[in-house]
Structure formats: structure tokens, C-alpha cells
Amino acid sequence: MEDSIPPDYIQFNHDGTLSMSPYISTLYNGPISYRVSNDSTMIFNYPNGANTLYGDNIIHFQFTDSVLILTPPSMELVIEKYSKVQ
């Protein structure tokens, strides 16, 4: 039986824009673009500079082989794990 729930995803485009599944977009409060600031942090950019979900838009990340781990700012320790697809 095939799972009818579409997968959640984040697509980091070369031009700095983001594409996300609806659930992930809601989870991160709808960022539209990103910028990698160093080897372990990136900044999510929001429409009109607004980000009302978190006080900070710095996302910590770790990328190894084909796995991306994101740690968004939040009140609780949250770790999101994504697998690279071709």
C-alpha cells in the first residue's frame, strides 16, 4: 500500500530562494530565502523582514554526506533531520 501523504521537504535553491512543503513552511513561519553565514549557521529571510514566530531567524545546521540537520531557534530543543534527494 502506497503512503498517500506527500513527503515534507525543504529545497535550497542556488539563487538563495527556498521551496518548502506546506507543513514545513508553517513550521518555520514561511521563510522565502536563506543565506549561509558560516559553516554552521544560516539566516532565513521572511517577507517584508517579518518573523513573528521566533525572535531570531538564525538556523544552526550540520550537513554530512546526504543528511542535513537543522536546529531552529525555539523555546524547546528541536532538531529537524532531512535526507538529500536527487
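The values are calculated or read from the model by the stated rules, or taken from the named source; none is laboratory data. This is a predicted model, so every value here is computed, not measured. Just the protein is used for accessible areas: all its heavy atoms, side chains included, with ligands, DNA and RNA removed. Shrake-Rupley method; radii C 1.70, N 1.55, O 1.52, S 1.80 Å.
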Next item on the list: Please calculate the 1.4 Å probe accessible area of V85, with all protein chains present, and give it to the nearest 10 Å².
Entry: 120 Å²
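On a full-extension model of 0.36 nm per residue, what is the gain between V85 and T71, subtracting their alpha-carbon distance, rounded to one decimal in nm? Don't jump to the answer; show the numbers that get you there.
Details: separation 14, 0.36 × 14 = 5.04 nm, distance 2.01 nm.
Net length gain for the segment: 3.0 nm.
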Note to self: With θ taken as phi - 60° and the coefficients 6.51, -1.76 and 1.60, list the Karplus ³J(HN,Hα) couplings across region 10-18 in order, rounded to whole Hz; mark glycine and proline as x.
What the structure shows: 10, 10, 8, 7, 4, 7, x, 7, 10
Item checked: Accessible area in the full protein assembly, largest first, 1.4 Å probe, for M42, M20 -> M20, M42
Item checked: Exposure rank, largest accessible area first [S40, S83, S21; 1.4 Å] -> S83, S40, S21
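Note the full-extension length gain between N29 and D15 as 0.36 nm times their separation in residues minus their Cα-Cα distance, in nm to one decimal. Present the calculation step by step, with values, prior to reporting the outcome.
Working: separation 14, 0.36 × 14 = 5.04 nm, distance 2.04 nm.
Additional length available on full extension: 3.0 nm.
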